[in-house]
Amino acid sequence: MNLYQMIFKRRSIRKFKKEQIPEQLLKDILYFGSCVLKLHADISVKMEICDNLDGHLPVKGLWKVEAPYYLVFYSEEKEGYLTNAGYILEPILLYMTGKGIGSCYLGNTRITGHEMEGVKQVVAIAFGYPKTLLYRDPATAKRLPLKELCVFKEEIGEPMKNILKAARLSPSAMNNQPWRFIVYHDRIYIFACREFLPSAPLVSMRDISIGIMLSHLTIAAEEMWMNIKLEAEETMLKKSFKSGTYVTTAYVKEFNC
Ligand SMILES: Cc1cc2nc3c(=O)[nH]c(=O)nc-3n(C[C@H](O)[C@H](O)[C@H](O)COP(=O)(O)O)c2cc1C
């Protein structure tokens, strides 16, 4: 199964077996991660897998999840680094799902004592073989309906509908789905919802979630054989909107060989 199919099957896993994952598979995960396309190529990122089979790791944070392994994601702190983090991590989590591994984003969890020069810990991923069901029927996913997430300005075709369905299923911190879309037949204007309490941690979680959603858009567009270009419009960036912030525009067009 490919990443697109995994979008419709993945759910967060919070209970894991204390079972070793083969060394080669752990290497494959990191290798896959190193090949994932970044949203911002100029931002340095690093990833490491920490083994916690014996429960020795100093894992600290709110809403942490006990797991036999953690994938720790580090990044330079440059503009857009949080969205970039979500964009890079989501394909890795979908890849893991395809390999029978369950995972859960941990936005406020840090592995203490693990530091890397020039980069900071951004987010940790709990992962391992699941004790609970790995896959789900997408119809059971708790998500807002597309008609609440989107304003449709034009009739759209089947590929665009499928791209939006994939975006809708994106995981987000506290499942708050902080995105809204204005949809034309060939482009989507993407907005991030305003936080009611705009504290730095909440805004960080929102920005990582937005990156995850942009990765779903990209994966789905590729699956539909559509070219997708994410480009923020200067004029839109300057405008202020009542209930959210303009993020970018996804231009979608058919791929011609
Ligand atoms: C940026 C981010 C941070 C998250 N942080 C946590 C966390 O700290 N603890 C937790 O149990 N789940 C966390 N989650 C998982 C979400 O709660 C979960 O994705 C959401 O409720 C939707 O459920 P689903 O992934 O099963 O569809 C996080 C998800 C994202 C995207």
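The values are calculated or read from the model by the stated rules, or taken from the named source; none is laboratory data. The shown structure was predicted, so the numbers you read here are calculated from the model rather than taken from an experiment. Positions of Cβ are backbone-derived with ideal geometry, glycine not excepted, and every protein chain shown enters the neighbour counts. Accessible surface is based on the protein model in full, side chains and every heavy atom, while ligands, DNA and RNA are left aside. Shrake-Rupley method; radii C 1.70, N 1.55, O 1.52, S 1.80 Å.
Please indicate, with yes or no, whether at least one residue in the range 155-163 is on the phi < 0 side of the Ramachandran plot and under 19 Å from the mean Cα position of the chain (by Cα).
Here is the first cut: in the range 155-163, the ones on the phi < 0 side of the Ramachandran plot are 155-163.
With under 19 Å from the mean Cα position of the chain (by Cα) added as a condition, the list becomes 162-163.
Within the range 155-163 (the criterion being on the phi < 0 side of the Ramachandran plot and under 19 Å from the mean Cα position of the chain (by Cα)), the answer is yes, since at least one residue qualifies.
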*Complete set of residues in the range 39-65 that are part of a strand (DSSP E or B), among the small types (Gly, Ala, Ser) and away from the ligand (no atom under 16 Å from the Cβ)*: none
*Do we find that residue 228 is of a type in the set (Val, Ile, Thr), in contact with a Phe, Trp or Tyr (Cβ under 8 Å, 6 or more places away or on another chain) and within 16 Å of residue 7 (Cβ to Cβ) in this structure?*
yes
*Does residue 87 meet the test of being within 24 Å of residue 3 (Cα to Cα), in a strand (DSSP E or B) and modelled with pLDDT of 95 or more?*
no
*Does the range 66-79 hold any residues that are assigned to a loop (DSSP other than H, G, I, E, B) and under 20 Å from residue 26 (Cα atoms), and which are they?*
66, 67, 68
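Filtering the range 1-16 down to residues that are under 16 Å from residue 66 (Cβ atoms) and touching a Lys or Arg at 6+ places or on another chain (Cβ under 7 Å), which residue is farthest from the ligand (Cβ to nearest atom)?
Top of the filtered list is 16.
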*With respect to residue 76, determine if the residue is of a type in the set (D, E, K, R) and within 16 Å of the ligand (Cβ to nearest atom).*
no
_Within the range 91-184, strands (runs of 3 or more DSSP E) holding 3 or more residues that are within 14 Å of the ligand (Cβ to nearest atom)_ = 102-106, 109-111, 120-128
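Looking at 64, 99 in this structure, which one is of a type in the set (Lys, Arg) and in contact with a strand residue (DSSP E or B) (Cβ under 9 Å, 6 or more places away or on another chain)?
Residue meeting the stated conditions: 64.
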*Residues satisfying the stated conditions in the range 185-231, i.e. charged (D, E, K, R) and within 11 Å of the ligand (Cβ to nearest atom)*: 206, 207
_Condition (residue is among the aliphatic types (A, V, I, L, M), within 16 Å of the ligand (Cβ to nearest atom) and either exposed (fewer than 14 other Cβ atoms within 10 Å of the Cβ) or at pLDDT 95 or above (or both)) applied to the range 17-29: is it met by at least one residue?_
no
*Any residue in the range 83-91 that is polar (S, T, N, Q) and within 21 Å of residue 11 (Cβ to Cβ)?*
no
_Just the residues that are free of Cβ contacts under 8 Å to residues at least 60 places away in the same chain and either among the aromatic types (Phe, Trp, Tyr) or loosely packed, with under 13 Cβ neighbours inside 10 Å (or both), please, taken from the range 244-253._
246
_residue 126 open to solvent by 30 Å² or more (accessible area, probe 1.4 Å) and either out of contact with any strand residue (DSSP E or B) (no Cβ under 7 Å at 6 or more places or on another chain) or touching a residue at least 24 places away in the same chain (Cβ under 8 Å) (or both)_ = no
